[in-house]
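J.: What follows is a single structure, and I will ask about it in a moment.
The values are calculated or read from the model by the stated rules, or taken from the named source; none is laboratory data. Predicted model, so just to flag it, every value in this text is computed and none were measured. FYI the Cβ positions are ideal-geometry reconstructions off the backbone, even for glycines, and counts take in every protein chain you see. Ligands, DNA and RNA are stripped out before the accessible areas are found, and what is left, the full protein with its side chains, is counted by its heavy atoms. Shrake-Rupley method; radii C 1.70, N 1.55, O 1.52, S 1.80 Å.
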Amino acid sequence: MELKTQISVKDAAALLGITYKGNGDLMITGINEIHKVRAGDLTFVDVQKYYKKALTSAANFIIINQDTEFPEGKAILISEDPFHDYNRLVSYFMAEEKPHHIAYSKGENVIVGKDVQIYPGVVLGRDISIGDGAVIYPNVVIYDNAIIGKNVIIHANTVIGGHAYYYKNRKDHYEKLISCGRVILENDVEIGASCTIDKGVSGDTVIGEHTKLDNQVHVGHGVIIGKRCLIGAQVGIGGKATIEDDVILWGQTGITKDVVIGKGAIISAQSGVSKSLEGGKAYFGTPAQEIRKAQKEMAWVRMRSNEEK
């Protein structure tokens with residue numbers, strides 16, 4: 001991003017409470033991640049194998065976690081945590097304006113904590129609690145019976161607590177099982193835009209603390225998602241599945257109902273999970289299997305295909 005108000009290297013270092021080397025009077029004109037930098041930009045690097053790429057990039061200013069040599073005409077800001085300090089600068093220059101007025105509708109027994117930001121167009125049902133510091137962006141809908149923890153972020157157009165997709169097949173119609181469960185979003189969860197999180201049929205749908213969902217994710221009824229999980233865009237999780245702590249589901253992964261994904265598992269994009277998977281392993285394919293096995297099978301198929309040509 002281009003800064004509306006430029007800042008000198010020495011003032012940026014003072015703002016962050018860190019040291020710098022180089023000409024402190026040089027002016028920072030922009031802040032960008034490494035693959036988008038231009039002359040005058042500040043970027044960051046915190047992995048040694050990328051030091052050279054950052055230091056020789058178009059960026060003139062680099063937040064780095066080690067004192068090192070750098071090209072003439074540039075400056076470095078030495079930080080214990082470059083990622084965090086980069087974020088601090090972005091937040092300083094791009095502080096999001098809070099809504100001027102609260103324009104949302106709510107039902108009975110809605111408890112809203114301190115410093116909560118609720119944007120226009122939000123609709124809250126009954127029996128909902130929202131923890132301190134939460135941010136709920138425009139047009140979010142939260143149905144009855146939900147617990148939203150502290151510092152939760154819910155992006156625009158997301159629906160929390162939709163009814164379970166659960167029907168009894170009668171001779172001439174499908175009879176719906178009425179949902180009376182809850183959705184619980186624990187502290188520091190972030191839900192992307194246009195996600196749909198169904199409530200439990202009679203129990204709870206739970207997303208554990210520090211878990212982050214990308215946009216357009218669907219979580220079925222009664223799903224339990226653990227702590228610190230990352231879930232990519234367009235993932236679909238069937239009802240009553242259990243996703244244990246520290247699992248990563250990359251984009252467009254599909255997970256059938258009732259399965260368990262073990263702690264620390266990583267599932268590659270566009271995989272299909274049809275049975276429970278052990279934790280601590282990486283998986284790929286449909287049906288998903290350990291990634292090394294899947295790669296060997298694909299290599300064998302390619303080899304046979306080439307032989308037949």
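J.: In whole Å, how far is the Cα centre of segment 113-163 from that of segment 194-263?
T.: 18
J.: Positive end of the dipole of the chain, charges at C-beta (+1 Lys, Arg; -1 Asp, Glu), about the Cα centre: which of 118, 266, 238 has its Cα farthest in that direction?
T.: 238
J.: With a 1.4 Å probe and all protein chains left in place, how much accessible area per residue does the chain have, in Å²?
T.: In whole numbers, the chain has 55 Å² accessible per residue.
J.: Follow-up. Could you rank 81, 25, 41, 245 by how accessible they are, 1.4 Å probe, largest area first?
T.: Order by accessible area, largest first: 25, 81, 245, 41.
J.: Can you tell me which lysines have their Cα less than 26 Å from the Cα of residue 49? Leave out same-chain residues fewer than eight positions away.
T.: Reachable lysines: 21, 36, 74, 281.
J.: Could you name the lysines whose alpha carbon sits less than 30 Å from that of residue 150, not counting residues in the same chain fewer than 8 places away?
T.: Partners within reach: 98, 106, 114, 199, 212, 227, 240, 257, 263.
J.: Tell me the accessible surface of residue 126 in square angstrom (1.4 angstrom probe, heavy atoms of protein chains only), to the nearest ten.
T.: Surface open to solvent at residue 126 totals about 120 Å².
J.: Given a 1.4 angstrom probe, I'd like the percentage of the accessible area of the chain that is carbon and sulfur, rounded to a whole number.
T.: Of the solvent-accessible surface of the chain, carbon and sulfur hold 51 percent.
J.: How many nm is it between the label spots at residue 66 and residue 269, if each spot is 7 Å from the Cα in line with the beta carbon?
T.: 3.1
J.: Using only the Cα atoms of segment 1-142, what do you get for the radius of gyration and for Dmax, in Å?
T.: Calculated on Cα positions, Rg and Dmax stand at 20.3, 64 Å.
J.: At 1.4 Å probe size, with no ligands or nucleic acids counted, give the accessible surface of residue 144 in Å², nearest ten.
T.: Using a 1.4 Å probe on the heavy atoms, I get roughly 40 Å².
J.: Principal axes first, then extents: for the Cα atoms of the chain, list largest minus smallest coordinate on each axis, whole Å, largest first.
T.: Ordered largest first, the chain gives principal extents of 79, 68, 30 Å.
J.: Okay, moving on. Cross-link candidates for residue 4: which aspartates and glutamates have Cα within less than 14 Å, leaving aside residues fewer than 8 places away along the same chain?
T.: 41
J.: Rounded to the nearest 5, what % of the DSSP beta bridges within segment 1-112 are antiparallel ones?
T.: 40
J.: So if I take the alpha carbon set of segment 159-309, get Rg, then get Rh from the Kirkwood formula, what is the Rg over Rh ratio? Walk me through the intermediate numbers first.
T.: Numbers: Rg = 17.3 Å, Rh = 16.1 Å.
A ratio of 1.07.
J.: Now for a different question. Please give the solvent-accessible surface of residue 124 in Å², to the nearest 10, using a probe radius of 1.4 Å with every protein chain present.
T.: That residue has around 10 Å² of solvent-accessible surface.
J.: In segment 232-262, which residues have a backbone nitrogen under 20 Å from the label point lying 7 Å from residue 167's Cα in the Cα-to-Cβ direction?
T.: Flagged as within label range: 237-240, 256-258.
J.: Tell me the mean residue ellipticity at 222 nm calculated for the chain from its helices only (DSSP H runs of n ≥ 4, each -39500 (n - 2.57), averaged over every residue, nearest 500).
T.: -4000 deg cm²/dmol
J.: Can I ask one more? Roughly what % antiparallel, to the nearest 5, for the DSSP beta bridges in the chain?
T.: DSSP beta bridges in the chain are roughly 15 percent antiparallel.
J.: If R₀ is 22 angstrom, what is the calculated FRET efficiency for the pair residue 58 and residue 81, using the beta carbon separation as r and rounding to 0.05?
T.: 0.40
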